[in-house]
2 protein chains.
Amino acid sequence: MSQPLRLGIAGLGTVGIGVVKIIRNHAELLAQRTGRPIVITAVSARSKGKDRGVPLGDYAWEDDPVALARREDVDVFVELMGGSEGAAKDATEAAIASGKDVVTANKALLAHHGQALALAAEATGHVIRFEAAVAGGIPVIKALTEGLAANEIGRVMGVMNGTCNYILTRMENAGLTYEEAFNEADGLGYLEADPNLDVGGIDAGHKLSLLAAIAFGTQVDFPSVELEGIGAITIEDIHQAADMGYKIKLLGVAQMTGRGLEQRMSPCLVPDTSPLGQLQGGTNMVVLEGDSVGQIVLRGAGAGEGPTASAVMGDVMDIARGFRVSTFGQPATTLRKARAARAAVPAPYYLRLQLQDKPGALAKVARVLGEAGISIDRMRQYGHQDTTAPVLIVTHKTTRSSLDEALSGMATTGVVEGAPVAIRIESV
Amino acid sequence: MSQPLRLGIAGLGTVGIGVVKIIRNHAELLAQRTGRPIVITAVSARSKGKDRGVPLGDYAWEDDPVALARREDVDVFVELMGGSEGAAKDATEAAIASGKDVVTANKALLAHHGQALALAAEATGHVIRFEAAVAGGIPVIKALTEGLAANEIGRVMGVMNGTCNYILTRMENAGLTYEEAFNEADGLGYLEADPNLDVGGIDAGHKLSLLAAIAFGTQVDFPSVELEGIGAITIEDIHQAADMGYKIKLLGVAQMTGRGLEQRMSPCLVPDTSPLGQLQGGTNMVVLEGDSVGQIVLRGAGAGEGPTASAVMGDVMDIARGFRVSTFGQPATTLRKARAARAAVPAPYYLRLQLQDKPGALAKVARVLGEAGISIDRMRQYGHQDTTAPVLIVTHKTTRSSLDEALSGMATTGVVEGAPVAIRIESV
């Protein structure tokens, strides 16, 4: 049997402890499958004294993750601290500079610095693997980078924030308001310290930008992801969508268009009979579309100790087996700078607005849509509540810019109260 | 850029031509992603003259696949002929003996000779890859062997014969009889030359035995797969199952039990709200359950030119990238000989029988079940048709041996006409 592969683990939260447990409990299995022992030589975390439920005394301790990353007796630096700047970035850079391979679960770090880190690692023949950064335990980075490598990818989609999907399905199934479902998720510890990372779509947007880089051979471009959170979704939208055969999901979509790379993370209506529409609770799903393979759907736990640690260890075992693949599936030097195309692909939209009880009000709204070149597929007006009536409109395919023009136009009609809700209907 | 990787392709049917097309159309993409050109040097098929719609003149032609497998200018032998014996086996053995790596879509060959072939290949440091042999374009071999490698696998399940799922969903959605749906599938060219490979569960059983070997570190043991086809399923069973919230699927299940390895490929009832229950038409689905990752579900096209060629090329690209993994995820010398456990895991069963119109008939059936230690969850008796009435029974969890005892007992009651239908209800 070959030399052991020696890990240095920075970050001993849920995921870090999950990794330690797998290595302790499955030592024989891991060695049998990779042909060499996988061992931990050193660990690092904020508080040395804390009882984490697993014995850590066998491993050297470093207070400073940068020192851990530079240790002579570490082959692979496992970065499980999180955060796009500070210690995680410093330590990852130090590991690369010291000639280590890196396995990370840190989507924020790679979304912001993935290109620079990949260039640095690849310049010295080292790898950065990040299966755990996207969709938890689902081996989606592997499927896209390796299994589907012979495909030209057309589109990548995903529900990749379990907390948002939990909130939306609780609103639907239990009739909770957004605030009630949000508070429930908070009480269960599902939300990040900054909840906007979840409900604002930022966390899922990080993940989408990483998938897009692999899928389209482009440099990670998180700033170009159009982000829209779920905070404006009401229980009425969910019920109306259901009536029409749709579910509302926080859906990430990346696709290469004639005008450039479109990346969106936003609430979308999807058919309730589709795999995405049927996804309940905290589960994640990623849909990959290739020119040869057609549509591949992957589903599984998107977070949690076991699933995320499983993904980290899958990467570690690949390294133990001697597999070296470029960070984003092709050398970072060959990744093109993508031209960002905002809302390039037309789609039908669901609109909900409050119409004032005035003669000719509906006609004014219809005229604004017509002037923006938007034709109406379906429209429903409901009974008046005090002085306004809710109106639902499903448009035929239109561009986002036409829609935005119509939405501005509506504000000037004097018959629409507040801001209309507009949700894209994604064909999945 | 490194030396080209040179392929010899044996078999120019649908899949072989799909592979040729990918290599012709995506040469630059493949080279960029693997760091080296992937080229075809020679091909072999039964009929040289046949027009296959792609130019083959650039490649050397071999009438004999064994000669192709031995060519000096071939690095990887791509076996797309099919069949567990004869030319496919001879040529694969010749390729291994000549020090080539092998990529194959041949589930029958590996189900029957996988262990011997893996031993031979690994003895000289060569690899056999077979992503295309299981579930077409779905990268399930990769997910199980690599992505989930850190997991102890508890259970592997799958709908892996699209033709059977097509027949069952057509029966359900269009109200066709089994014969009508079978003939429709036949007319569409979905059936193998020997249809029993499909509807008898043999093809899917081959696939299951390969997944089980990887999942449990055991030598492929196809003869121990309990096989039951879909020929006995009636439209009534499908409707009754639907009434109770179930779908009927030809489901493969492999799991390691205290008594040994259980492998079944048989019709099962699964909840209609589960991903497996929602699977329509010719699509495949594989469910992998690991101790850390939980449940991972993979879905995609299980056959066809593009999807299967995509899987073949995924394997080829791994080899081009220098990735070498043992055929079944750990060295073939370390694979244990599994003890076969037939029907070790208890389950509830759905029973349908024709009861004669005699006093006390139902009591006799109930007594037989009771004597076998089987308790009844639900029972329905329908109106008499002539002299018999259909009776449906859902049992509580029981072993297959108790059930078989009860089924024999029923035959002696003198009140049950014909053979009862018994379908396992799988908890998914």
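What follows draws every value from the coordinates through simple rules; no lab data is involved. Bear in mind that the values here come from a model prediction, so they are computed numbers and not experimental data. Cβ atoms come from the backbone with ideal geometry, glycine included; neighbour counts cover every protein chain shown.
Summary table below
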read-out: 3J(HN,Hα) from dihedral phi, segment B:155-162, Karplus parametrisation 6.51/-1.76/1.60, rounded to Hz, x for glycine, proline; value: 7, 10, 9, x, 9, 10, 10, x
read-out: Estimated FRET transfer efficiency (A:Asn196, B:Asp186; beta-carbon r; R0 56 Å; 0.05); value: 0.50
read-out: Estimated [θ] at 222 nm from DSSP helical runs (n ≥ 4, -39500 (n - 2.57)) normalised by residues in chain B, nearest 500; value: -10000 deg cm²/dmol
read-out: q = 0.20, 0.21, 0.27 Å⁻¹: log10 I(q)/I(0) that the Debye formula gives for segment B:259-326, counting C-alpha atoms only; value: -1.10, -1.12, -1.18
read-out: Within a Gaussian network of chain B (alpha carbon springs, distance under 10 Å), most fluctuating of B:Gly189, B:Gly162, B:Gly114; value: B:Gly189
read-out: Whether segment B:349-425 is rounded, prolate or oblate, judged on the alpha carbon gyration tensor where a/c under 1.5 counts as rounded; value: prolate
read-out: Label 7 Å beyond Cα on the Cβ vector: A:Gly360 copy-to-copy distances, nm; value: 8.8
read-out: Square roots of 5 times each gyration tensor eigenvalue, C-alpha, segment B:5-133, largest first, Å; value: 22, 17, 13
read-out: Sequence-separation-based contact order of chain B, relative, with Cα cut under 8 Å and 6+ spacing, percent; value: 16
read-out: Segment B:82-114 and segment B:172-209: distance between their alpha carbon centers, rounded to Å; value: 26
read-out: Kirkwood hydrodynamic radius of chain A, from inverse mean 1/r over distinct Cα pairs, in Å; value: 23.0
read-out: Long-range HN-HN contacts of B:Gly154 with modeled amide H, under 5 Å; value: B:Glu289, B:Gly290, B:Asp291
read-out: For A:326-338, mean number of other protein chain Cβ atoms within 10 Å; value: 2
read-out: Relative packing of peptides A:311-319, B:104-112, B:174-182, B:233-241 - highest average C-beta neighbours within 10 Å first; value: A:311-319, B:104-112, B:233-241, B:174-182
read-out: Axis-proximal residue, chain A, for the rotation superposing A on B (Cβ, Å); value: A:Phe323, 2
read-out: Copies compared at B:Asp64 - label distances in nm, ascending, label defined 7 Å from Cα in the Cβ direction; value: 6.9
read-out: Computed E for A:Ser84/A:Asn173 - FRET, C-beta separation, R0 41 angstrom, nearest 0.05; value: 0.75
read-out: Nm distances between copies for A:Asn173, ranked from closest, using label points 7 Å along Cα→Cβ; value: 2.6
read-out: Gained length - B:Lys337 relative to B:His396, 0.36 nm times residue gap less alpha-carbon distance; value: 17.9 nm
read-out: Spacing of the two label points (7 Å from each Cα toward its C-beta) at B:Arg367 and A:Ala363, in nm; value: 8.3
read-out: For B:Ala242, net neighbour charge (Lys/Arg +1, Asp/Glu -1) across residues whose Cβ lies under 9 Å away; value: -2
read-out: Average beta-carbon neighbours from other chains, 10 Å sphere, peptide A:311-317; value: 5
read-out: Rounded to 5, percent antiparallel among DSSP beta bridges of chain B; value: 65
read-out: Bridge type composition, segment A:140-300 - antiparallel percent by DSSP, nearest 5; value: 95
read-out: Among the listed pairs B:Lys50/B:Lys142; B:Lys21/B:Lys107; B:Lys247/B:Lys358; A:Lys397/B:Lys142, those beyond 27 Å (Cα-Cα); value: B:Lys50/B:Lys142; B:Lys247/B:Lys358; A:Lys397/B:Lys142
read-out: Shape of the protein assembly as shown, Cα gyration tensor, a/c cut at 1.5; value: rounded
read-out: Average beta carbon contacts from partner chains per residue of B:285-297, 10 Å cutoff; value: 6
read-out: Share antiparallel - DSSP beta bridges, the protein assembly as shown, percent rounded to 5; value: 65
read-out: Residues in segment A:381-412 reached by a label modelled at A:Ser427 [backbone nitrogen below 11 Å; 7 Å Cα→Cβ]; value: A:397-398
